[in-house]
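Just so you know, all these numbers are worked out from the coordinates, no wet-lab data involved. A quick note: this is a predicted structure, and the numbers were derived from the prediction, not measured. We place every Cβ from the backbone using ideal geometry, glycine too, and count neighbours over all the protein chains shown.
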Amino acid sequence: MQALLDSIHNGLLMIDMDGNIIKVNKAAERLLGVTGEQVMGLPIHQVFPESKLPRVLHTQEAQVSQEQSVNRYTLVVNRSPVYDNLGRLVGAVAVFQDITELESVSRELSKIKELKNELEAVFDASYDEIYVTDGTGTTTSINKVGESYYGVKAEEMVGKNVRELEKLGYFSPSVVDIVLEEKRRITIPQKTKTGKQLIVTANPVFEGDNNIIRVVVNSRDVTELTNLRQKLQDTEKLAETYRNQIMQMKKKHDQCLTIIADSDQMKQILEMITRVAQVESTVLMLGESGVGKGVLAKKIHDLSKRAEGPFITINCGAIPDNLLESELFGYEPGAFSGASKEGKKGLIEMVHKGTLLLDEVGELPLSLQVKLLTVIQERKVMRVGGSESRSVDIRIIAATNRDIQKMVKEGEFREDLYYRLNVIPLVIPPLRHRKEDIPSLVHYFLAKFNGKYQLNKKISSEALELMTNCYWKGNVREVENIIERLVVTTDSNDIEPAHLPDYILNSSTSASNRIYVMDICPLREATEELERQMISKAFERYDNTYKMAEVLDVNQSTIVRKMKKYIGKDNRPRGRRPGQNAKNHLET
């Protein structure tokens, strides 16, 4: 009997009616960490205080599948009462099985299940489609994104071969077929049943030598991207059309440009332009904004041998830095995302056989100054993304309103490029230094806008004198804008001083000190207002009552009296800067 019990894999321990241990097999000795000789005949509560066999004796009820930890083992224990042939209770027995390894396996299975659920969640959450087949091309799994590509549930495609699905029109062409044939990774465009345009990449999974056991396909919907690219290409073509039209319109407009040259300075510049136009040397025009650098550059072009060729102006400060390179030099097909598949000529190439005006050249980024230097030196241009230079036959005129020599010293402009541009320098004086040109400019723009708006406005000699003596910070461009404003807004046909803007009336460079009345008012009020303004202006300028009396040609006591009248309670004339003590100045 003992030999039989020892051969059992499960542990067995039995007690008699007194709770003494009467049977222990080898498996029980191993699991409980004891030997039969040590425990035989001993009360079980003495050896195993936590044993529940005595309770089975008491209740005569079996306990099934009870989990218990003993030593380092996890056991499943079944406890039962023992009866003899006559049905009398004679003891209780515990049979227990070691499930430690099974529990470890269970935990591993649980982890595997969690990992499986996580992978499935990632699989279905992927923005791109994941499509898997076996080594024959039979579909094994598709994530949720694929359902929107093909218009059916994934279950309807799983188990079907890609050849069958291609015949049914779910997708075309089948990338898996190509991979199985060529045994390498393949990327191709693909169209689906729902009209989607995909970029698909299929990767073979090998087992052993050249034996494909699985193909994993990643697909991305590029329908919207394709549409945007097409729209961009269409927009680029439209922009090119508009650019050509604008160039033609500008060419017609520029042919009508008139250069006013009544001053000696402008006459000398026109003589220089006539000589410069006959050669191909690079010209650098310097002058304030609005002095007419663009008009003079066009005049050089019109007088040159290139007059029949294009004349293009590039405002280097108006085009964003990230677009300037492609606009100037053009680009090759596929040079960057969104680039036209045909590539594009740059403005430098478009001006072939003509003249290029680089306006505001001082704003050109340093990174592009090197490429421009190559164009000037070698008359060659390389497109963005290209590897070969293209010859161009152009003349370059540069213009800037900045102190370019100072920029060179401060490292903001390349010295070698400066010397390449500054072959023939032309300095255009500001309008305030050539006042002889102002009357002719006023009459020219007056005729221009009268014709444009079908009006017949004239300017009085007083108004013309004020405009002639104005500072004109904006130069010729400002004169043009003011004349257009006067032509449009003046309610009478005669433009008088009262119609001019205040800053022209009050210009510090005006030779006339006349007073101009904007509207009728009581003479007493006008006199007081004039006195108040004159006192305030004199006080702001000289801050001394004796000097004020001198310039206003009155007694100092008159000045003090008038100041007391017009200063007011705060002891500060209107327009005076806060913080100045007028009382101290009154006592001076």
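Would you mind checking which residues have amide H under 5 Å from SER389's amide H? H placed 1.01 Å from N; only 5 or more apart, or other chain.
Answer set, sorted by chain and number: none.
Go through 432-442, 62-72, 185-195 and give me the packing order, highest mean Cβ count within 10 Å leading. Working shown, then result.
Values: 432-442: 18.5, 62-72: 11.4, 185-195: 14.7.
My ranking of the peptides, most packed first, is 432-442, 185-195, 62-72.
What are the residues whose amide H is under 5 Å from the amide H of THR74, where those residues sit 5 or more places off or on another chain and H is modelled from the backbone?
For THR74, the qualifying residues are ILE99, THR100.
Mind listing P(r) for segment 432-505? All alpha-carbon pairs, 10 Å bins, whole percents.
P(r) over segment 432-505, rounded to whole percents: 20, 61, 19, 0.
Set the Förster radius R0 to 25 Å, insert the Cβ-Cβ distance between MET40 and LEU102 as r into 1/(1 + (r/R0)^6), and round the FRET efficiency to 0.05. Can you show the working numbers first?
Details: r = 30 Å, r/R0 = 1.21.
Calculated transfer efficiency: 0.25.
Return the FRET efficiency for the residue pair ARG220, GLU378: r is the Cβ-Cβ distance, R0 is 45 Å, and the value is rounded to the nearest 0.05.
Details: r = 43 Å, r/R0 = 0.96.
The computed FRET efficiency comes out at 0.55.
With θ taken as phi - 60° and the coefficients 6.51, -1.76 and 1.60, list the Karplus ³J(HN,Hα) couplings across segment 9-16 in order, rounded to whole Hz; mark glycine and proline as x.
Once rounded to whole Hz, the list reads 6, 7, x, 9, 9, 10, 10, 8.
For the chain, what does the helix formula give at 222 nm: sum of -39500 (n - 2.57) over DSSP H segments with n ≥ 4, over the residue count, nearest 500 deg cm²/dmol? Intermediate results must be reported in sequence, preceding the final value.
Values: 26 runs with 263 residues, N = 588.
Counting only the DSSP helices, I get -13000 deg cm²/dmol.
Got a sec to turn the phi values of segment 20-33 into Karplus ³J(HN,Hα) couplings, 6.51 cos²θ - 1.76 cosθ + 1.60 with θ = phi - 60°, whole Hz, x for Gly and Pro?
These are the phi-based 3J(HN,Hα) values: 8, 6, 10, 9, 8, 9, 4, 4, 5, 4, 5, 6, 8, x Hz.
For THR258, project a label point 7 Å along Cα to C-beta. Then give me every residue of segment 438-458 with its amide nitrogen under 14 Å of that point.
From segment 438-458, the list is 438-452.
What's the center-to-center distance, using Cα atoms, between segment 437-454 and segment 36-98 in Å?
After rounding, the separation between the Cα centres reads 121 Å.
Going by how many other beta carbons lie within 10 Å of each one, how would you line up HIS58, HIS301, fewest first? Please list the in-between numbers first.
On the way: HIS58 10, HIS301 24.
The fewest-first ordering by Cβ neighbours comes to HIS58, HIS301.
Among 267-274, 545-552, what's the highest-first ranking by average C-beta atoms within 10 angstrom per residue?
Values: 267-274: 14.8, 545-552: 16.5.
Going from most to least packed, we get 545-552, 267-274.
Across every pair of different alpha-carbon atoms, what Kirkwood hydrodynamic radius in Å does the chain reach?
Details: mean 1/r = 0.0279 Å⁻¹.
Averaging 1/r across every pair of different Cα atoms and inverting gives 35.8 Å.
Can you tell me which of 174-180, 209-215, 472-478, 487-493 comes out highest on packing, and rank the rest after it, using the mean Cβ neighbours within 10 Å? Let's see the in-between values first.
Working: 174-180: 21.3, 209-215: 13.4, 472-478: 18.4, 487-493: 11.6.
Top of the packing list down: 174-180, 472-478, 209-215, 487-493.
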